[in-house]
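The values are calculated or read from the model by the stated rules, or taken from the named source; none is laboratory data. Predicted model only: the values in this text are computed from it and were never measured. For neighbour counting, all protein chains shown are included, and Cβ atoms are generated from backbone atoms with ideal geometry for every residue, glycine included. Heavy atoms of the whole protein, side chains included, go into the accessibility calculation; ligands, DNA and RNA do not. Shrake-Rupley method; radii C 1.70, N 1.55, O 1.52, S 1.80 Å.
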Amino acid sequence: MIRRMRAGSEEFEEYLRLSYAGLEEAEAAVAEIGRLVKERGDAALCELTERFDGARLTPETLRVSDGEIEEAYGAVDDDFMESLLIAIDNVTAFHQKQVQHSWMEPDEVGNILGQLCRPLQRVGIYVPGGTAAYPSSVLMNAIPAVVAGVTDIAMVTPPDRQGKVNPHTLVAASEVGLDEIYKVGGAQAVFALA
């Protein structure tokens, strides 16, 4: 049963206190992860990936290889591929309708009014994973960037304990044109993208 709480009531204040309990500790932990990634780069990413995801990687194996992507295609079935391609077409068509265009025009006194629309050159996307597959997150994150004209897209996603990325996620990434994929998740992945 859902109970309503009034803002300012003792019950509401207790709820807020419990909701924020541990927030400072969490912020400190995330800040420490950021410091490690900034100072130690890929070595820190490997250590944190082992600590949080149980996968032992090296700086040389953080990036998904072409061979791993080829292997992923062999692990997915035809039904998945058919559904994936339909989804890619649908998501692309939707986002193509959102594309804004540059325009310039003078007003009645000669001022030039308008907007200049240019895509970012490089973006990073985070796709959840590790114990589950989210190929739809690849599509929902990457396709808007591709449609907007972003030329460089880096994807991060946590590996499983064997250091592998789910094949469905890899195939989805490949099908939308991503080839820079890293096996790292969590706050450390976001710091690495930054």
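Of note:
- Rg and Dmax, both from the Cα atoms of segment 1-63 and both in Å, are 19.2, 55.
- Check: the chain dipole with +1 on Lys, Arg Cβ and -1 on Asp, Glu Cβ, in debye: 440
- Candidate lysines - alpha carbon under 27 Å from LYS183, same-chain residues fewer than 8 apart omitted: LYS38, LYS164
- Toward the positive end of the charge dipole of the chain, with +1 on the Cβ of Lys and Arg and -1 on the Cβ of Asp and Glu, the farthest Cα among ILE112, SER65, GLY149 is that of ILE112.
- Relative packing of 67-79, 150-162, 18-30, which averages over residues the other C-beta atoms within 10 Å, highest first: 150-162, 67-79, 18-30
- Extension gain from LEU18 to LEU85, taking 0.36 nm per residue of separation minus the Cα-Cα distance: 19.6 nm
- Solvent-accessible area of PHE191, all protein chains in place: 80 Å² (probe radius 1.4 Å, heavy atoms, ligands and nucleic acids excluded).
- Descending semi-axes in Å of segment 64-133, equivalent ellipsoid built from Cα gyration tensor: 42, 16, 10
- Kirkwood-type radius of the chain, with distances r between different C-alpha atoms, in Å: 19.6
- Helices that extend 18 Å or more along their long axis by alpha-carbon positions and average at least -1.0 on the Kyte-Doolittle scale are, among the DSSP H runs of the chain, 23-53, 78-96, 135-148.
- Heavy-atom surface of the chain, accessible at 1.4 Å and reported per residue (Å²): 65
- Kirkwood analysis of the Cα pair distances in segment 115-192 returns a hydrodynamic radius of 12.7 Å.
- Separation in nanometres of the label points that stand 7 Å from Cα toward Cβ, at ASP78 and SER9: 6.0
- Segment 1-35 and segment 127-156: distance between their alpha carbon centers, rounded to Å: 31
- If the segment from ARG51 to SER65 were pulled out straight at 0.36 nm per residue, it would be longer than the present Cα-Cα gap by 2.8 nm.
- Per-residue [θ]222 nm for the chain (sum of -39500 (n - 2.57) over DSSP H runs n ≥ 4, rounded to 500): -17000 deg cm²/dmol
- Label-point separation in nm, ALA31 to ASP179, each point 7 Å along Cα→Cβ: 4.1
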